[in-house]
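Okay, so here's the structure we're looking at.
The values are calculated or read from the model by the stated rules, or taken from the named source; none is laboratory data. What you see is a predicted model, and the numbers here were worked out from it, not measured in a lab. Positions of Cβ are generated from backbone atoms using ideal geometry, with glycine treated the same way; all protein chains shown enter the neighbour counts. Only protein heavy atoms, including side chains, enter the accessible area calculation; ligands, DNA and RNA are left aside. Shrake-Rupley method; radii C 1.70, N 1.55, O 1.52, S 1.80 Å.
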Amino acid sequence: MKKKLFRDNFKIEPTEGVINPNQEKIIHFKFESEHEIKKLRTNNTTTDIILEILEGKSLETFNRVPINVAVNSVFSKYSITPLRNINFGPIQFNDTRTRQFEIKNE
């Protein structure tokens, strides 16, 4: 992967390997973002993730398969009011006490 956006957010394991005839291999593809990414959508010409299949002995490129992704990474922001002193105090079993606070999705 050449682009920093892809290198930083996508993890692929294993990154290379050998598959013998009639054998299968599971490739784990994981997206992990540390910041918001709004509607990243790739197509065959814009993707930076390529599965390259090489011929066994000569290592010539047999096929290149672009891996397209569609990602939307959201980190919600919220606030709680009052900021401090949310305390319900000691309370007996089966007793009720009402306190109010506000959780606001921003």
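Only residues in segment 17-37 that are closer than 29 Å to Lys4 by Cβ and touching a residue at least 12 places away in the same chain (Cβ under 8 Å) count as the first member; pair them with residues that are part of a strand (DSSP E or B) and of a type in the set (Gly, Ala, Ser), Cβ under 8 angstrom, at least 6 apart or cross-chain, and list the lot.
Listed by first residue and then by second, the contacts come to Phe31/Ser73; Ser33/Ser73; His35/Ser73; Glu36/Ser73; Ile37/Ser73.
Considering Ile53, Ile91, which residue is touching a residue at least 12 places away in the same chain (Cβ under 8 Å) and of a type in the set (Val, Ile, Thr)?
On the way: Ile91 fails: touching a residue at least 12 places away in the same chain (Cβ under 8 Å).
Going through Ile53, Ile91 in turn, just one is touching a residue at least 12 places away in the same chain (Cβ under 8 Å) and of a type in the set (Val, Ile, Thr): Ile53.
Taking segment 62-104 as the region of interest, how many residues are among the hydroxyl-bearing types (Ser, Thr, Tyr) and surrounded by 10 or more Cβ atoms within 10 Å (Cβ to Cβ)?
3
Pick from segment 38-50 the residues that are in contact (Cβ under 8 Å) with a residue 24 or more places away in the chain and open to solvent by less than 70 Å² (accessible area, probe 1.4 Å): which of them is farthest from Asn9 (Cα to Cα)?
In this case the residue turns out to be Thr42.
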